[in-house]
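Below you'll find the structure, written out as structure tokens, and then a few comments.
The values are calculated or read from the model by the stated rules, or taken from the named source; none is laboratory data. It should be emphasised that the depicted structure is a prediction, and the values quoted were computed from it without experimental measurement. Neighbour counts run over all protein chains shown; Cβ positions are idealised from the backbone, glycine included.
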Amino acid sequence: MSNPFDHGYYHEEELAGFGFKSVGSNVQIAKTCTIVGLPNISIGNNVRIDDFCTILAAGGALSIGSFVHIGGYCYLSAGAGITLEDFCGLSQGVRIYSKTDDYSGNSMTNPTVPEKFTSVIEGRVLLQRHVIIGSGAVVLPRVTIGEGSAVGALSLVTKPLQPWGVFFGTPAKRLKRRSKRILELESQFSEDNALA
């Protein structure tokens, strides 16, 4: 008897036939995810996307590098494009928006209102190599998070963040420098994998 609480993962063999733009090797996507816009989604090698994530890429591109983990309950709205470079990690419940309504009151909001009455703010979101985002954080459009930066749980990222920092808060502010030892470990990791 199968376990009704363990829905499992799709693996690269199955994923290759679903219509993604590209899927690398050793890719696992939980069977409970909702994913729209498969032809606009590229996935590298060694990627895991956990349960109950929602990914919308019908109007824009989503590019996921290699060695990327997307924790459960994340939401990626890639209408204007989202890129997660190699070794990125999203903790549970992270929200990334490449499009959002204008909340100023100068226009109407929500998708049921005709476009001429709304003002959507949009722009590509880029997470560079080794970026990690803590649980429940929100990233808004037109943001680049620089290489090696870490964003704390429940933070709100409204503007680009410089590389190699630790950021926290609403809006996210730099707290301190993040160690670059990750780069040494990546080099060692690459050497170990080349020998395997």
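Among the residues of region 32-64, which ones are in a loop (DSSP other than H, G, I, E, B) and hydroxyl-bearing (Ser, Thr, Tyr)? Reasoning before the result, please.
As a first pass, look at region 32-64 and keep what is in a loop (DSSP other than H, G, I, E, B): 32-33, 37, 44-46, 50-53, 57-61.
Across region 32-64, the qualifying residue is only 32.
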If residue 19 satisfies all but one of (1) in contact with a Lys or Arg (Cβ under 9 Å, 6 or more places away or on another chain); (2) farther than 13 Å from residue 63 by Cα; (3) small (Gly, Ala, Ser), what's the number of the condition it fails? (1)
Note on residue 156: of the conditions (1) free of Cβ contacts under 8 Å to residues at least 40 places away in the same chain; (2) surrounded by 12 or more Cβ atoms within 10 Å (Cβ to Cβ); (3) over 15 Å from the mean Cα position of the chain (by Cα), unmet is (3)
Every residue in region 84-109 that is of a type outside the set (Val, Ile, Thr), within 23 Å of the chain's Cα centre (by Cα) and either more than 19 Å from residue 58 (Cα to Cα) or surrounded by fewer than 18 Cβ atoms within 10 Å (Cβ to Cβ) (or both), please. 85, 86, 87, 88, 89, 90, 91, 92, 93, 101, 102
Which residue out of 17, 79 is free of Cβ contacts under 8 Å to residues at least 40 places away in the same chain, of a type outside the set (D, E, K, R) and in a loop (DSSP other than H, G, I, E, B)? 17
Step by step: first the residues of region 52-65, then only those that are surrounded by fewer than 18 Cβ atoms within 10 Å (Cβ to Cβ) and at pLDDT 95 or above, then the one that is nearest to the chain's Cα centre (by Cα). Which residue is that? 54
